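**Q** Below: one structure in structure tokens.
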Amino acid sequence: MNTILRKSILGIAGLTVAGGLAAGPLNHDTSTPTTRNAAVTTTQAAKLDSAALIPHGVQGAQSRIDLDDEQTKNVKAIIAATKKAGMDERAAVVSIATALQESKLENLGHLGDRNDHDSQGLFQQRPSSGWGTVEQITDPEYSTTAFLKGLKQVDGWRDMPLTVAAQTVQVSAYPDHYAQWEQQAADLVAEHWNS
């Protein structure tokens, strides 16, 4: 990518995060717009390098959901596991966006007929695919660590759009769906990384 275009993209991404999303992202959900966790204050965003959170800018329309206490607890668990793994804020953004797509940040058990094979947990990992036991993949720290281990093995993941990095680890039937959660994931990392 040429230098001018890259700097422009990074500058726009930085303004978006630092500006606190005054207008808010698009919402595909028909429910009431998010009020809690919707915007990051300029002070919170300034604590983190905005270019590290969204280095390539967001791709496509963005989705957003309201989080309850359990989902927020899972966000904090993903961030804690990311720090424990020695990875940075961008890894947390990729992880949270992936979990938003896979489970809406709910630690899902077996869903019976609605289940995708034997997928469970925040990342919808499968015991039959070697992700771990049911007990392990429904533990937020373990499942995040397993996801991050896969992410570390993706050469150049930091230089990829979020959806490409997530898809390389997850191998989803819907590879482009991760992109829609990037802004909310970045907002959540900005809000909770230093808390």
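The values are calculated or read from the model by the stated rules, or taken from the named source; none is laboratory data. Worth saying up front: this structure is predicted, and the values here are computed from it rather than measured. Glycine also receives a Cβ, built like all others from the backbone with ideal geometry; neighbour counts cover every protein chain displayed. Heavy atoms of the whole protein, side chains included, go into the accessibility calculation; ligands, DNA and RNA do not. Shrake-Rupley method; radii C 1.70, N 1.55, O 1.52, S 1.80 Å.
**Q** Order the peptides 135-142, 178-185 from the highest to the lowest mean number of other Cβ atoms within 10 Å of their residues. The partial results should precede the final answer.
**A** Numbers: 135-142: 17.9, 178-185: 26.0.
Top to bottom by mean Cβ count within 10 Å: 178-185, 135-142.
**Q** List the residues whose amide H sits under 5 Å from the amide H of Gln125, counting only those 5 or more places along or on another chain, with H placed 1.01 Å from N in the peptide plane.
**A** Amide H neighbours of Gln125: Gln120.
**Q** Over segment 71-195, give the accessible area per residue in Å² for a 1.4 Å probe, as an integer. Present the calculation step by step, with values, prior to reporting the outcome.
**A** Working: 5330 Å² over 125 residues.
Here the residues of segment 71-195 average 43 Å² of exposed surface.
**Q** Given a cut-off of under 8 Å on Cα pairs at least six residues apart, what relative contact order in percent is computed for segment 60-195?
**A** Numbers: 180 pairs, mean separation 42.2, N = 136.
Averaging sequence separation for qualifying contacts and normalising by length gives 31 percent for segment 60-195.
**Q** Lys and Arg at +1, Asp and Glu at -1: add these up for the other residues within a Cβ distance under 13 Å of Val58 and post the number. Write out the running numbers ahead of the final one.
**A** On the way: positive: Arg64; negative: Asp176, Glu182, Asp187.
Net local charge, Val58 excluded: -2.
**Q** On to the next question. Given a 1.4 Å probe and every protein chain left where it sits, what share in percent of the accessible area of segment 96-195 is carbon and sulfur? If you can, show how the numbers build up before the last one.
**A** Numbers: 2130 of 4500 Å².
That share works out to 47 percent.
**Q** Over 25 Å, how big is the tail of the calculated P(r) for segment 80-184, in percent of all Cα pairs? Mind showing how you got there, number by number?
**A** Values: 614 of 5460 pairs.
Counting every Cα pair in segment 80-184, those more than 25 Å apart make up 11 percent.
**Q** Now for a separate question. Once the Cα atoms of segment 123-191 are picked out, what are the Rg and Dmax in Å?
**A** 12.6, 35
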